[in-house]
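Working notes for the structure below.
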Amino acid sequence: MAGPFEKLKQSLARTRVGLLGKISQVITRRKIDDDLLDDIEEILIEADVGVAATTRLIDFLREQASQEKLTDVNDIFGLLKEEITEILSRGDAPIFSEDDKTPVVWLIVGVNGVGKTTTIGKLATNFSARGKMVIIAACDTFRAAAIDQVAIWAERSNVEIVKSQTGSDPAAVAYDAAKASLARGADLLLVDTAGRLHTKSNLMEELKKIKRVIGKALPDAPIYSKLIIDGSTGQNAISQVKVFTEAVGCDGIIVTKLDGTAKGGIIIGVAEELGVPVDFVGLGEGIDDLQRFDAGEFTEALFE
Ligand SMILES: Nc1nc2c(ncn2[C@@H]2O[C@H](COP(=O)(O)OP(=O)(O)OP(=O)(O)O)[C@@H](O)[C@H]2O)c(=O)[nH]1
Ligand SMILES: [Mg+2]
């Protein structure tokens, strides 16, 4: 079986072709001039790296060229790798902090179908394997079958779940789950929420209410909002981060479905533009297909 780094490399294959494959095509036997930088700029934009990060990368290459640190086209990769690692590192943060009071709460939010529930299953498995006591709150009471779906994940990862009926108030479920986490001495409460269009303000209000209610039940507990982004979304991810951040904050993002997309460059765009840390990446539908994000490793896998 492939190791985690091998898996990451395989998952990034299409993104790598779209980004580095195209760059290697344009640099063949060409000298470093504005034309070449324009072509690289276009490739970065097309690969969903975003305007801010692309500008930064091109400016960096131009500056290196003017200082004659960049004279050979083949050095372009090394320099890009260095600067991309730098961009992604700014978003690197610890998952649990030493002085967190438990239970720590992770409010898992994001638009429809991005992989919130699946990611909760993966996280529950991951953390309980590391000896943390995890409880899941089934707060997607909106979509029929959502409660069963998350309950299956709870069973697979062997963690407790607090749930109610479809149609019941998600904030009430959140409150019960928060109280249960405290009573049982849980380390982590993972809150599954209903998918919502970030443009629907009433649904965003509901999320705020869930967060508020948990804060009442657990006045000392840190409540982190983790935004799930579908890696194949492209530039829309930026506005999703902005809107969710306005509603409930955004303490970290988890980028799913990086396997099979050519748009993985969005991670670089989000890190540069919004400075939000990437906590994990999702690389498949299975319970083990979640990896802790590491800027150096990610760039290494992207460039190999
Ligand atoms: N390939 C791949 N598929 C994924 C990944 N994460 C989730 N999925 C799939 O994406 C689909 C939606 O996942 P869910 O976890 O139900 O998404 P959700 O955000 O909870 O959806 P709603 O609750 O309806 O908003 C499922 O078919 C998952 O198997 C991933 O990292 N890679
Ligand atoms: Mg869901």
Value of D in µm² per second that Stokes-Einstein yields for the range 104-296, Kirkwood Rh from Cα pairs, at 10 °C (1.306 mPa s): 97
Paramagnetic reach from Glu246 in the range 111-131 [backbone N under 17 Å; point 7 Å along Cα→Cβ]: 111
DSSP beta bridges in the range 223-303 [antiparallel fraction, %, rounded to 5]: 25
Estimated FRET transfer efficiency when R0 is 41 angstrom, pair Val26-Lys209 (beta carbons, to 0.05): 0.20
Filtered GluC sites (Glu not before Pro), the range 66-134: DSSP coil and at most 13 other beta carbons within 10 Å: Glu68, Glu98
Reach of Lys31 by Cα under 19 Å, taken over aspartates and glutamates that are not fewer than 8 positions away in the same chain: Asp39, Glu41, Glu42, Asp59, Glu63, Glu68, Asp72, Asp75
Residues Thr118, Thr28, Thr85, sorted so that the one with the fewest Cβ neighbours within 10 Å comes first: Thr28, Thr85, Thr118
Label-point gap, in nm, between Gln165 and Glu6 - each point 7 angstrom along Cα→Cβ: 5.1
Antiparallel content of DSSP bridges confined to the chain, in %, to 5: 10
Part-to-part distance (alpha-carbon centres) for the range 251-299 and the range 75-118, which is given in Å: 7
Under Karplus coefficients 6.51, -1.76 and 1.60, residue-wise ³J(HN,Hα) of the range 61-71 in Hz, glycine/proline x: 4, 4, 5, 4, 5, 5, 8, 6, 8, 10, 10
Cleavage-rule hits (trypsin sites (Lys or Arg not before Pro)) in the range 82-190: DSSP loop, at most 14 neighbouring Cβ within 10 angstrom: Arg90, Lys101, Arg130, Arg143
Residue-averaged [θ]222 nm for the chain, counting only DSSP H segments that reach four residues, each worth -39500 (n - 2.57): -15000 deg cm²/dmol
Share, in percent, of DSSP beta bridges within the range 151-304 that are antiparallel, nearest 5: 25
Exposure proxy ranking, count of Cβ atoms within 10 Å, fewest first, for Val111, Val134: Val111, Val134
Residue with peak Gaussian network fluctuation, the chain [Cα springs, cutoff 10 Å], from Asn202, Asn112, Asn158: Asn202
Relative contact order computed over the chain (Cα-Cα under 8 Å; 6+ residues apart), in percent: 27
Lysines with Cα under 23 Å of Lys163, excluding same-chain neighbours fewer than 8 positions away: Lys116, Lys122, Lys132, Lys179, Lys208, Lys209, Lys211, Lys216, Lys226
Gained length - Arg62 relative to Asp176, 0.36 nm times residue gap less alpha-carbon distance: 35.4 nm
Coarse-grained scattering of the range 205-304 at q = 0.12, 0.16, 0.23 Å⁻¹, given as base-10 log I(q)/I(0) from a Debye sum over alpha-carbon atoms: -0.44, -0.73, -1.22
Neighbour-count order for Asp294, Asp35, Asp230, fewest beta carbons within 10 angstrom listed first: Asp35, Asp294, Asp230
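Throughout, read-outs are computed from the coordinates displayed, never taken from laboratory work. Just so it is clear, the structure is predicted and the values come from calculations on it, not from any experiment. Cβ: placed from backbone, ideal geometry, glycine included. Neighbour counts: every protein chain shown.
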